[in-house]
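What follows is a short report on a single structure.
The values are calculated or read from the model by the stated rules, or taken from the named source; none is laboratory data. Remember, predicted model here, so these are calculated numbers, not experimental data. Here Cβ is always computed from backbone atoms with ideal geometry, including for glycine, and neighbour counts include all displayed protein chains.
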Amino acid sequence: MGSSTDLNNIPIKNLYYMLCYAWGHLAEKEFVNIAREDEKDINHLLTRILLVKLRSLIKRGFYREYIGFQEEASTLRGKVLFQESINTFSFKRAKMHCEYEEMSYDILHNQIIKSTLYFLLQSPKLENTLKDEVLQVYHHFGDISLIKLHHSFFTKVKLHRSNQHYRFVLDICRFLYESLLINEESTEEKFADFERDPKAMARLFEGFVRNFYKKETTQYKVYRENIIWEAEGEDLYYLPIMQTDISMENKERKIIIDTKYYQHSLNQYKGAPKLISGNLYQLFAYLSNVKKDREREILGVLLYPKTGQELHLSYTVKGYPVQIYTVDLNREWTVIHERLVEIVS
């Protein structure tokens, strides 16, 4: 047995690298150097990076878009709304209802940023010295509306060539928002421990590994795959969807990787360590139903973060090669990089 690894204490630097891969922002990896030696958590680091990016954004100037307005005015502009003007007798007051557009900074992109800064200022767990820096940046958003953030707002934001520089900033805002634990009864906002949320960390681990292989193993096509059951019957739509975490393929090989983020990668049965059976069943279902290709080897991989014994196991199950690996997320990043590349080499 190797030494036990606590997944709640993954180095902040490694968490940040994982986020950069998962978000597709590898150009921003070097911002990790902003971290202090006594950095408390990933939220503090991301707040520092957010402030750096926002100071640059302020110098560059906020992005703005046309916003529609409708008002009763004595000066005609834009489109005159005759029906509304007649209904309200505007003409008797020498006015007309008009509809027009103006360029404005008060748009969803900037509203999300301002509201995120506001949340940070309310957090009881954010260091006061960092709050002072947040407040300085917050003052630059005086003409922007404060909104009550919601998950849907982040999907409504439209990003394109003219505002691509907002993408990383908004990804940080979304992360910080989702890291806020909101008590609906008291409307109190405070930081949740992201690293202690197994579901959030599982999503991050999967997204990181998938995008790592997209970037670092260009000899493979890397994607998520829907696998159709090899089944017969009248009501096949009742069968559950099988979607891989990661499928990788080239002319010689096809690899199906299932990532699992558990505090323990092995179970104990009568005092002996055993693999988690459900994970093996799931991977075998993928392998036995995936479209076959005589010219390519098909390999199944279970990948866990290392929490105890380092695993490098290899089996053949019903003719299908299956391998089980662990990666130690507490090691230096170069070691993590080499381990992940080695797994698919």
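See the values below:
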read-out	value
Members of the stretch 22-35 that are assigned to a loop (DSSP other than H, G, I, E, B) and free of Cβ contacts under 8 Å to residues at least 40 places away in the same chain	ALA35
LEU239 touching a Phe, Trp or Tyr at 6+ places or on another chain (Cβ under 6 Å) and either farther than 21 Å from SER314 by Cβ or surrounded by fewer than 10 Cβ atoms within 10 Å (Cβ to Cβ) (or both)	yes
Residue within the stretch 8-31 that is among the basic types (Lys, Arg), within 23 Å of ASN163 (Cβ to Cβ) and not assigned by TED's automatic domain parsing to the domain that holds CYS173 present	yes
Subset of the stretch 334-345 that is closer than 18 Å to TYR261 by Cβ and in contact (Cβ under 8 Å) with a residue 24 or more places away in the chain - its residue that is farthest from the chain's Cα centre (by Cα)	ILE343
Among residues of the stretch 131-143, those that are closer than 15 Å to VAL52 by Cβ and modelled with pLDDT under 95, counted	0
Among the candidates ILE246, ILE255, residue that is within 30 Å of THR334 (Cβ to Cβ), free of Cβ contacts under 8 Å to residues at least 60 places away in the same chain and touching a Ser or Thr at 6+ places or on another chain (Cβ under 8 Å)	ILE246
Strands (runs of 3 or more DSSP E) fully within the stretch 235-345 counting 3 or more residues that are over 25 Å from TYR21 (Cβ atoms) and of a type in the set (Asp, Glu)	none
Cross-chain or 6+ apart pairs with Cβ under 6 Å, the stretch 70-87 first and within 12 Å of GLU99 (Cα to Cα), then at pLDDT 75 or above and among the small types (Gly, Ala, Ser)	GLU72/SER90
Residue that is nearest to VAL157 (Cα to Cα) [pool: residues in the stretch 49-89 that are at pLDDT below 80 and within 44 Å of the chain's Cα centre (by Cα)]	ILE67
Candidate set from the stretch 218-234 (those that are part of a strand (DSSP E or B) and of a type outside the set (A, V, I, L, M, F, W, C)); member that is farthest from SER288 (Cα to Cα)	LYS221
Members of the stretch 230-264 that are hydrophobic (A, V, I, L, M, F, W, C) and farther than 28 Å from LEU204 by Cα	ALA231, LEU236
Extreme residue, surrounded by the most Cβ atoms within 10 Å (Cβ to Cβ), among residues of the stretch 136-173 that are touching a residue at least 60 places away in the same chain (Cβ under 8 Å) and either closer than 24 Å to LYS199 by Cβ or aromatic (Phe, Trp, Tyr) (or both)	CYS173
